[in-house]
Structures are given as C-alpha cells and as structure tokens.
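What follows is a single structure, written as structure tokens, with notes after it.
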Amino acid sequence: MNDAAILLVDDEPAILTLLQTVLHKEGYTQVDSASTGEEAVEACQQKTYDLIVLDVMLPGRSGIDICPFIRVTTEAPILFLTAKSSDFDKLTGFAVGGDDYITKPFNPMEVVARIRSQLRRHLAAKEKGLNVHNHIHNESSTAFRIYDFGRFQVNETAGELSVNGKLVPCPTLVFQLLLFFCKHPNRIFSKRELYERVWGEEAFSDDNTVMVHIHRIRERIEADPSEPKLIVNVRGLGYKLVHHSDKRIASQ
C-alpha cells in the first residue's frame with residue numbers, strides 16, 4: 001500500500017510541505033502536489049492516482065468545482081480539506097464525488113489515518129475486481145450470477161449494473177453497496193451496519209458517507225430519485241431494498 005500514488009491539492013505551500021513530509025515519514029513514496037484546480041485536473045489526466053486530497057478553497061475554480069472533472073478520469077477516493085464544517089458544506093462535497101472530508105485546522109496524523117483507511121478499502125476493491133476478472137478468463141465455464149429486480153439487474157461476476165436493459169456506469173463502492181442490498185432484499189440496515197458491512201470498518205461518528213452513496217444508487221436505479229420506491233428509508237431504523245417478486249437471482 002505504501003507504493004500508492006497520492007495527489008495533494010492545496011494552495012498553501014506550508015500545508016503541502018507538512019502533508020508530504022508526514023506521508024514520506026509514513027513510507028509513502030509517490031506523493032505529488034498541485035496548487036490550483038487546473039493543475040489537479042491536468043495531473044489526473046496524465047497519471048493514475050490511488051487517492052486525492054483536495055482543498056475546497058482553491059484560487060480560481062474551487063475543489064467543489066473541479067471534483068466532477070476529476071471523477072471523469074478516476075474512481076480513486078477523494079478527501080476534501082475544508083475550513084467549513086457545516087453539514088451543508090460536507091454534503092456538498094459528498095454530492096460532487098468526494099469520499100471523506102477533513103476540517104482545518106487538522107492533526108496531520110489524522111489525515112494519514114484517513115488516507116490509510118481509504119486506500120485500504122480502495123485497493124482491496126480493485127484487487128477483488130482484478131481477481132474476478134481473472135477468474136472469468138481462467139474458468140472454462142460461463143457461470144455468472146445475476147440479481148434481477150425487474151427495472152434493474154446486477155451482474156455480480158461481471159461487476160455490471162443494467163437499468164432498463166442499458167449498462168449504467170457505477171463506482172466501486174456504490175456498486176458494492178447496491179450488491180449488498182441485492183443480497184439482502186427487504187431487510188432493514190442502519191447506516192452504521194451498512195458502513196461496517198460494506199466498507200468493512202467500524203463506522204465513524206459521521207455517517208453522511210452512507211447517505212451519499214445511497215443517493216448515488218437512487219440516481220441510477222430509481223425512476224424518480226426524489227421519490228424512491230426501491231431503496232427506501234424506514235424512519236428511525238435505516239434503509240432497505242424493496243422487492244415484491246420471488247424472482248431475485250438467476251444463475252447459469
């Protein structure tokens with residue numbers, strides 16, 4: 001994991017130097033930096049990064065502005081650095097494609113801990129996807145597993161989501177959360193349970209991550225994401241995938 005490629009984006013040289021120094025001391029050898037949003041987008045177009053630390057308040061185009069452009073080229077975790085701490089600011093960062101946020105001023109070791117946590121999940125998901133891909137090519141059989149919910153289908157082996165017969169791009173963790181729901185239809189899970197079962201770690205005190213990923217699922221599978229009928233919130237208890245048919249899994 002220490003050979004992971006990390007991009008730091010901040011217009012304050014002191015913060016870049018601090019984070020680079022701490023990361024190098026922790027054994028991370030591939031740490032690049034950028035001072036503007038434009039530099040960050042260009043860097044992501046030229047190199048594949050495993051994680052990006054992105055300041056919100058950049059000169060010119062903000063981190064919020066450029067995040068969707070970065071998301072076009074990478075599914076790597078994006079950690080926002082922000083001096084703003086309101087729920088609206090946090091949710092805005094999640095909505096445009098961020099995976100976590102760190103409020104300034106910060107403890108640099110907390111940043112390293114969050115980087116390590118996000119990298120562990122991201123690299124594990126990539127490795128799992130690679131293993132599935134190799135399995136498909138190495139097996140002589142054409143076995144696959146599909147979760148069929150009428151409006152949408154999830155092909156677990158191929159890692160594909162189809163909605164109304166069309167393939168829909170789906171980031172790794174969004175796909176894994178949807179797959180978890182597909183495997184447990186009509187069961188209610190709290191946000192903490194979902195985080196621990198899908199992300200594989202004890203949940204942080206802030207559970208906006210799960211809410212945002214559920215929103216991203218709804219954007220893909222719901223006819224009207226503002227009036228969800230498939231992934232529903234059971235007030236005070238959590239979320240469940242509603243399924244009315246006995247036909248759930250088709251295997252060949």
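The values are calculated or read from the model by the stated rules, or taken from the named source; none is laboratory data. Since the model is a prediction, treat every value here as computed from it, not as a measurement. Using ideal geometry, Cβ is built from the backbone for each residue, glycine included, and neighbour counts are taken over all protein chains shown. What goes into the accessible areas is simple: the full protein's heavy atoms, side chains included, and nothing from ligands, DNA or RNA. Shrake-Rupley method; radii C 1.70, N 1.55, O 1.52, S 1.80 Å.
Name the single residue that is modelled with the lowest pLDDT among those in region 197-247 being open to solvent by 20 Å² or more (accessible area, probe 1.4 Å) and β-branched (Val, Ile, Thr). By that ranking, first place goes to VAL198. Consider region 51-82 and keep the residues that are open to solvent by 10 Å² or more (accessible area, probe 1.4 Å) and either touching a Pro at 6+ places or on another chain (Cβ under 8 Å) or among the charged types (D, E, K, R) (or both). The one that is nearest to ASP11 (Cα to Cα) is ARG61. Here VAL111, VAL41 are screened, and the one residue that is of a type outside the set (Asp, Glu), without any contact (Cβ under 8 Å) to a residue 60 or more places away in the chain and not in a strand (DSSP E or B) is VAL41. In this structure, is THR82 among the hydroxyl-bearing types (Ser, Thr, Tyr) and within 22 Å of ASP3 (Cα to Cα)? No; evaluated as a whole, the condition is false for this residue.
ALA95: open to solvent by 50 Å² or more (accessible area, probe 1.4 Å), of a type in the set (A, V, I, L, M, F, W, C) and within 20 Å of VAL210 (Cα to Cα), yes or no? In short, yes. Look at region 1-24: where a residue is without any contact (Cβ under 8 Å) to a residue 40 or more places away in the chain and under 20 Å from VAL41 (Cβ atoms) and a partner is open to solvent by less than 70 Å² (accessible area, probe 1.4 Å) and assigned to a loop (DSSP other than H, G, I, E, B), sitting 6+ places away or on another chain with Cβ atoms under 7 Å, you get LEU16/ASP10. SER162: at pLDDT 85 or above and open to solvent by 20 Å² or more (accessible area, probe 1.4 Å), yes or no? The answer is yes for SER162.
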